[in-house]
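Data first, discussion second: the structure below is written as structure tokens.
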Amino acid sequence: MLVKGKWAADWQPVQGTDAKGGFVRQTSSFRHRVTPGGETGFPAEAGRYHLYVALICPWASRTLIARRLKGLEAAVSVDVVEPALSDQGWRFPPGGDHVNGVTHLHELYTRADPAFTGRATVPILWDKATGTIVNNESADILRILDEGFGALASGPPLRPADIAGEVDALGERMYPALNNGVYRAGFATTQDAYEEAYGEVFAMLDELEARLAGGGPFLFGDRLTEADIRLFVTLVRFDAAYHGLFKCNRRRIADYPALSRHIEAMLDVPGVAGTVSIAHIKRGYYSIKALNPKGIVPLGPDLPFADRLIARPGDPAHGA
């Protein structure tokens, strides 16, 4: 992590623990907003903003999906870090990123704040005009891409006004139990903390399975919302990483018919499949030395949707 702008130690996955040995996630530090009129100092302008993502990371991947669904590929450029975590955290392919030419993601944090202390995380929404980080909180960036670019964006809202409260409420329940719940299980440092997280993960999966079995194809019927994006990015990684490496092994997503149909429904949406790379996901998660010291990447599992994820030139999975 960075301490007062200097890299201080090898990368570690656990940011903090609570009194029970449970995983505690770092709070995001940059929380500015892009708005159509620029009232925040960051006006919506085509070509001004750049998105830094890791394809292994569900938080980053949901911003990629929002960028695609809102038709912002031409307006917001993107860089993809290498899948395997280095001793200095996220690293760019040879030659560095396309905007700043840096080698490691943490160098962007010190450009934005020379005295920054904390972990250098993805995603990052970067302002090319001022050379700084606008936001590094994925929930904010998802909302910025949905609402902040005004006429530059297209497509229906991901948080429709008539169900916005319901979308928010479901997302707020899914996050601790499922989206972050798999991390709480995988990075728990005590048996009690692991078992608590494990129970919450599968209680939420069971609830969502029942919800989708009674309707669908999405969580709010035939309308795709940000809640579906939040769910999908966890589901699509579950059997490849969370089931084994994170010890969330009561059931696979393949054992849930309705949740499996949700993955397929999301992959039917044009462009979504191009934001997913199972190769990146497996290489990335299994590079975490604290969980997999030898770095051996499993050959399986066989995923029923794997043949739908063949990346095309220009997709984020190609680093374009």
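Just for segment 9-32: of the residues that are in contact with a strand residue (DSSP E or B) (Cβ under 7 Å, 6 or more places away or on another chain) and part of a loop (DSSP other than H, G, I, E, B), which one is modelled with the highest pLDDT? Among residues in segment 9-32 that are in contact with a strand residue (DSSP E or B) (Cβ under 7 Å, 6 or more places away or on another chain) and part of a loop (DSSP other than H, G, I, E, B), the one modelled with the highest pLDDT is 32. Scanning segment 113-138 for residues that are of a type in the set (A, V, I, L, M, F, W, C) and modelled with pLDDT under 95 yields 115, 116, 120. Candidates are the residues of segment 270-290 that are among the β-branched types (Val, Ile, Thr) and part of a loop (DSSP other than H, G, I, E, B); the one that is nearest to residue 187 (Cα to Cα) is 288.
The residue that is surrounded by the most Cβ atoms within 10 Å (Cβ to Cβ), counting only those in segment 108-134 that are in contact with a Gly (Cβ under 9 Å, 6 or more places away or on another chain) and assigned to a helix (DSSP H, G or I), is 109.
I'd like to check something: does segment 183-200 contain any residue that is outside any helix (DSSP H, G or I), in contact with a Gly (Cβ under 7 Å, 6 or more places away or on another chain) and either buried (at least 20 other Cβ atoms within 10 Å of the Cβ) or small (Gly, Ala, Ser) (or both)? Yes, that holds for at least one residue. The C-beta contact set for segment 297-312 (first residue farther than 14 Å from residue 275 by Cα, second residue modelled with pLDDT of 95 or more and among the charged types (D, E, K, R), distance under 6 angstrom, 6+ apart or interchain) comprises 297/282; 297/283; 301/239. Based on what the data block shows, is residue 154 among the hydroxyl-bearing types (Ser, Thr, Tyr) and touching a helix residue (DSSP H, G or I) at 6+ places or on another chain (Cβ under 6 Å)? Taking the combined requirement at face value, the residue does not satisfy it.
The single condition among (1) touching a residue at least 60 places away in the same chain (Cβ under 8 Å); (2) under 25 Å from residue 283 (Cβ atoms) that residue 72 does not satisfy is (2). Can you confirm whether segment 65-85 contains a residue that is of a type in the set (A, V, I, L, M) and at pLDDT below 95? Scanning segment 65-85 turns up at least one residue that is of a type in the set (A, V, I, L, M) and at pLDDT below 95. No other residue among 299, 267, 259, 245 is open to solvent by 30 Å² or more (accessible area, probe 1.4 Å), modelled with pLDDT of 95 or more and either assigned to a loop (DSSP other than H, G, I, E, B) or at negative phi (or both) apart from 299. When 95, 38 are checked against the criterion of being modelled with pLDDT under 95 and open to solvent by less than 30 Å² (accessible area, probe 1.4 Å), 38 stands alone in meeting it.
If the condition is being under 14 Å from the mean Cα position of the chain (by Cα) and open to solvent by 10 Å² or more (accessible area, probe 1.4 Å), then segment 141-179 contributes 143, 175. Each residue in segment 155-186 was checked for being under 24 Å from residue 240 (Cα atoms) and of a type outside the set (D, E, K, R), and 13 pass. The requirement of being within 29 Å of residue 199 (Cβ to Cβ), surrounded by fewer than 16 Cβ atoms within 10 Å (Cβ to Cβ), among the basic types (Lys, Arg) and in contact with a Phe, Trp or Tyr (Cβ under 6 Å, 6 or more places away or on another chain) is satisfied by residue 250.
The values are calculated or read from the model by the stated rules, or taken from the named source; none is laboratory data. The shown structure was predicted, so the numbers you read here are calculated from the model rather than taken from an experiment. Don't worry about glycine lacking a Cβ; one is built from the backbone with ideal geometry, like all the others, and counts go over all protein chains shown. Accessible surface areas use protein heavy atoms only, side chains included; no ligands, DNA or RNA. Shrake-Rupley method; radii C 1.70, N 1.55, O 1.52, S 1.80 Å.
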